[in-house]
Ligand SMILES: [Zn+2]
């Protein structure tokens, strides 16, 4: 059944666990997320970026995901990940999403930072529209690490508690993405998670907090962050890694089979499903591991 992210994270707060938010990029990854959630009996958030939606005709992917939601026995929120502007948010609202993120921390190019005032302006406007439709809203304050940048836990990039408090009052968002030392994508080195900062923010505001860039963060750091107030953890890269690494193995196997077929004058077989099925299975396993780590397994 389709619910809002707010409903899921409020429950998670009461139960002191976190809800996994997994990025779907195509049919197989969406299926792997739903399959993992069914097996784990875990509530979850299925999220999609605007870039993914433009990979297919938008209504194609959304129609398929809605069919999966209809059949799901666990509660699921359908969420826009990193909406950069008001227009994008409206577009996703029109597609019936139950949750949206308006990332006002960066300009629409996804690189240049917005000022605090600019962030407030775009976030408030998007939040007003979403709330009219009963859709929950995630905002972001602080600067999250990006692919290609050095790991930093410098204070100036981190979310400040007093700023977070003002931001919630100014915008009315239901969930808040915070900069606490995590990075998007894969990176070199070990992330320094600023648990002290998570604690300070959680003590200042009651809003459920979101960890972006959850891939590569050591399990014990994730669990500690959850115990301190993180209620939504975003996982994207880990799914891609599981999927593509298996794809590489399967293609290697197929190449060997073809070689053998050539040597014995047999026939080469080309079955895409034979490659994609194991990929879907590996992604499902990787997702299930995260659901257990977040404590959301068995909570549906
Ligand atoms: Zn993110």
> Which one of these is in a helix (DSSP H, G or I), more than 22 Å from residue 14 (Cα to Cα) and at pLDDT 95 or above: 283, 225, 202?
Replying inline: 283
>> If the requirement is being farther than 18 Å from residue 46 by Cα, in contact with a strand residue (DSSP E or B) (Cβ under 7 Å, 6 or more places away or on another chain), modelled with pLDDT of 95 or more and surrounded by 22 or more Cβ atoms within 10 Å (Cβ to Cβ), which of these qualifies: 126, 130?
In response: 126
> Could you list, in sequence order, the residues of segment 109-123 that are surrounded by 15 or more Cβ atoms within 10 Å (Cβ to Cβ) and within 16 Å of the ligand (Cβ to nearest atom)?
Replying inline: 114, 119, 123
> Filter segment 198-224 for residues that are more than 14 Å from residue 234 (Cβ to Cβ) and out of contact with any helix residue (DSSP H, G or I) (no Cβ under 8 Å at 6 or more places or on another chain); which is nearest to the ligand (Cβ to nearest atom)?
Replying inline: 218
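Quick one: would you say residue 140 is surrounded by 15 or more Cβ atoms within 10 Å (Cβ to Cβ) and outside any helix (DSSP H, G or I)? Write out each step before concluding.
Numbers: surrounded by 15 or more Cβ atoms within 10 Å (Cβ to Cβ): yes; outside any helix (DSSP H, G or I): yes.
It is true that residue 140 is surrounded by 15 or more Cβ atoms within 10 Å (Cβ to Cβ) and outside any helix (DSSP H, G or I).
Return yes or no: is residue 237 closer than 26 Å to residue 4 by Cα and surrounded by fewer than 21 Cβ atoms within 10 Å (Cβ to Cβ)? Working first, answer last.
On the way: closer than 26 Å to residue 4 by Cα: yes; surrounded by fewer than 21 Cβ atoms within 10 Å (Cβ to Cβ): yes.
Yes: the conditions hold for residue 237.
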>> For segment 57-101, give me each residue that is more than 16 Å from the ligand (Cβ to nearest atom), part of a helix (DSSP H, G or I) and in contact with a helix residue (DSSP H, G or I) (Cβ under 7 Å, 6 or more places away or on another chain).
In response: 61, 64, 65, 68, 86, 90, 93
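Condition check ((1) in contact (Cβ under 8 Å) with a residue 40 or more places away in the chain; (2) buried (at least 22 other Cβ atoms within 10 Å of the Cβ)) across all residues:
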position: 204; (1), (2): yes, no
position: 231; (1), (2): yes, yes
position: 269; (1), (2): no, no
position: 273; (1), (2): no, no
position: 281; (1), (2): yes, no
position: 294; (1), (2): yes, yes
> Would you call residue 171 within 16 Å of the ligand (Cβ to nearest atom) and closer than 17 Å to residue 104 by Cβ?
Replying inline: no
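Please tell me if residue 240 is in a helix (DSSP H, G or I), under 19 Å from the mean Cα position of the chain (by Cα) and over 13 Å from residue 20 (Cβ atoms). Explain how you work it out, then say what you get.
Values: in a helix (DSSP H, G or I): yes; under 19 Å from the mean Cα position of the chain (by Cα): yes; over 13 Å from residue 20 (Cβ atoms): yes.
Yes, satisfied.
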>> The conditions are (1) without any contact (Cβ under 8 Å) to a residue 40 or more places away in the chain; (2) within 16 Å of residue 102 (Cα to Cα), and residue 89 fails exactly one of them. Which is it?
In response: (1)
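The values are calculated or read from the model by the stated rules, or taken from the named source; none is laboratory data. For clarity, every value in this text was computed on a predicted model and none was experimentally measured. No Cβ is skipped: glycine too gets one built from the backbone with ideal geometry, and neighbour counts run over all protein chains shown.
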